[in-house]
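Novice: Sending over a structure as structure tokens; questions will come in a sec.
The values are calculated or read from the model by the stated rules, or taken from the named source; none is laboratory data. It should be emphasised that the depicted structure is a prediction, and the values quoted were computed from it without experimental measurement. Here the Cβ positions follow ideal geometry from the backbone for every residue, glycine too, while neighbour counts run over all protein chains shown.
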Amino acid sequence: MPKPLCAYSWHPTGDSEETAFEKAGSAPGPKSRRSRRLGLSPPRVEEHDGVVTLLRGWMRSAWREHLRVKLTVLDSDAGALSDTVAGGRYKTLATGFLASSREAVDRPGALSAGWTGVDVEQSWVGTHAAEVAIVRGSTLDQVTAVFPSLVADCAAILPKDSRVASLKKVVDTAHVVDETHHALLGDTLESAYATSDAQHVRVRSFRNILLGTTVLLSFFVVLVGVIGSWAPKAFALCGAATGTSAVCPTGGAHPSGGDVFLVELLGLLAASITGATSIRNLSGTSTPYAVPIVSLALKLPIGALTALGGLFFLRAGFGPTITSLNQAQICAYALVFGASQQLFMQFVDKQAKTVLDAATTPGDKTKAS
């Protein structure tokens with residue numbers, strides 16, 4: 001039986017877990033056990049007849065576990081292909097694609113791979129190519145058994161395609177599947193998967209735009225706060241002093257280094273509240289890219305900036321002048337301006353919904369018409 005190992009080394013040694021950790025310069029202490037509970041465990045590999053298989057990488061994710069099950073099923077389907085000239089050729093193709101997909105699935109997760117999507121794309125593109133090869137290499141009896149399900153997959157992705165309409169007629173009329181239908185199914189399935197893969201690339205690109213914008217704006221928020229703490233008078237957000245009344249956001253009678261940070265914090269608080277209420281308009285996604293979460297995260301730095309920018313408008317004389325406000329009123333306006341970020345982010349939310357709705361995953365029959 002193959003012996004699974006758990007070590008920081010990529011090379012199976014056959015040693016116990018403790019020995020493997022010692023050779024890797026580490027020990028399986030509380031930190032290692034805590035990392036395993038968080039899904040950040042060291043890679044586990046197994047060796048069988050000189051073949052090394054990675055069982056678990058540094059970062060575990062749901063799409064990898066889902067795809068591992070799918071690859072196991074497809075391995076069985078590929079093995080059931082006939083050994084004729086045509087069947088053997090498609091069997092070889094499917095086996096190669098599945099091996100490439102499994103390599104990507106078993107590869108340890110990394111931040112760079114999450115950004116570029118290389119693991120996701122290699123896994124799913126290879127899996128889809130293997131499925132097409134299996135369908136084309138199957139016998140008519142094998143294809144007939146899965147014909148309705150595959151047509152439904154194609155219809156979910158290509159609802160207006162004329163080829164899908166032809167295939168649905170075969171299903172609806174219980175017509176006998178012949179070689180023409182077999183070939184048409186293979187071509188249509190290939191087109192459907194190519195469309196699905198392209199849609200997921202657009203989702204990842206949109207996610208990266210949101211994520212990059214969030215990081216840059218967050219950096220800018222911190223930078224403005226630091227400048228405000230170094231030069232408080234450069235961002236004077238105080239009203240006119242009246243006796244001993246507090247007229248600055250932090251409660252002082254004169255600008256202080258914490259005024260800008262406090263206003264940004266109030267804007268972030270208001271943005272988080274409005275962002276939480278907007279969750280009701282969001283739905284989950286079957287893609288491995290957390291677009292709704294990234295969209296919510298983008299609201300936070302924008303809320304901080306709109307709070308600060310709104311007070312600058314008051315200082316410039318638009319609306320009630322900031323010099324006529326007291327501390328409580330200045331903080332209240334900061335909350336209002338922070339919440340106003342939803343006026344800008346509603347367009348981003350609509351675009352996110354459009355991108356996610358377009359990204360149909362094979363197997364989603366609810367979008368088939």
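Novice: Does Ala155 qualify as being crowded, with 17+ Cβ neighbours inside 10 Å and part of a helix (DSSP H, G or I)?
Specialist: Numbers: crowded, with 17+ Cβ neighbours inside 10 Å: yes; part of a helix (DSSP H, G or I): yes.
The answer is yes for Ala155.
Novice: Could you list, ordered by first residue, the pairs with Cβ atoms under 6 Å in which the first is in the stretch 322-334 and of a type in the set (Gly, Ala, Ser) and the second is part of a helix (DSSP H, G or I), at least 6 apart or interchain?
Specialist: Ala334/Val263; Ala334/Leu266; Ala334/Gly267; Ala334/Ala307
Novice: Quickly run through the stretch 98-149 and pick out the residues that are assigned to a helix (DSSP H, G or I), among the β-branched types (Val, Ile, Thr) and in contact (Cβ under 8 Å) with a residue 40 or more places away in the chain. Break it down stepwise before answering.
Specialist: Going through the stretch 98-149, the residues assigned to a helix (DSSP H, G or I) turn out to be 98-106, 111-116, 118-137, 140-149.
Subsequent filtering for residues that are among the β-branched types (Val, Ile, Thr) retains 105, 116, 118, 120, 125, 127, 132, 134-135, 143-144, 146.
Val105, Val120, Val125, Thr127, Val132, Ile134, Val135, Val143, listed by residue number.
Novice: Could you check, for the stretch 110-132, whether at least one of its residues is over 20 Å from the mean Cα position of the chain (by Cα) and surrounded by fewer than 20 Cβ atoms within 10 Å (Cβ to Cβ)? Give the derivation first.
Specialist: Our first condition is that a residue be over 20 Å from the mean Cα position of the chain (by Cα); within the stretch 110-132, this holds for 129-132.
Now drop any that are not surrounded by fewer than 20 Cβ atoms within 10 Å (Cβ to Cβ), which leaves none.
For the stretch 110-132, residues over 20 Å from the mean Cα position of the chain (by Cα) and surrounded by fewer than 20 Cβ atoms within 10 Å (Cβ to Cβ): absent.
Novice: Just checking, which of Leu210, Leu189 is under 30 Å from the mean Cα position of the chain (by Cα), under 28 Å from Glu121 (Cβ atoms) and not assigned by TED's automatic domain parsing to the domain that holds Ala86? Can you show your working first?
Specialist: Numbers: Leu189 fails: not assigned by TED's automatic domain parsing to the domain that holds Ala86.
Of Leu210, Leu189, the one residue that is under 30 Å from the mean Cα position of the chain (by Cα), under 28 Å from Glu121 (Cβ atoms) and not assigned by TED's automatic domain parsing to the domain that holds Ala86 is Leu210.
Novice: Going through Thr366, Thr306, Thr360, Thr274 one at a time, which residue ends up being more than 19 Å from the chain's Cα centre (by Cα), hydroxyl-bearing (Ser, Thr, Tyr) and modelled with pLDDT under 80?
Specialist: Details: Thr306 fails: modelled with pLDDT under 80; Thr360 fails: more than 19 Å from the chain's Cα centre (by Cα); Thr274 fails: modelled with pLDDT under 80.
None of the others qualify; the one that does is Thr366.
Novice: With the checklist (1) free of Cβ contacts under 8 Å to residues at least 60 places away in the same chain; (2) within 17 Å of Ser191 (Cα to Cα); (3) of a type in the set (D, E, K, R) in hand, flag the one item Asp153 doesn't pass.
Specialist: Single failed check for Asp153: (1).
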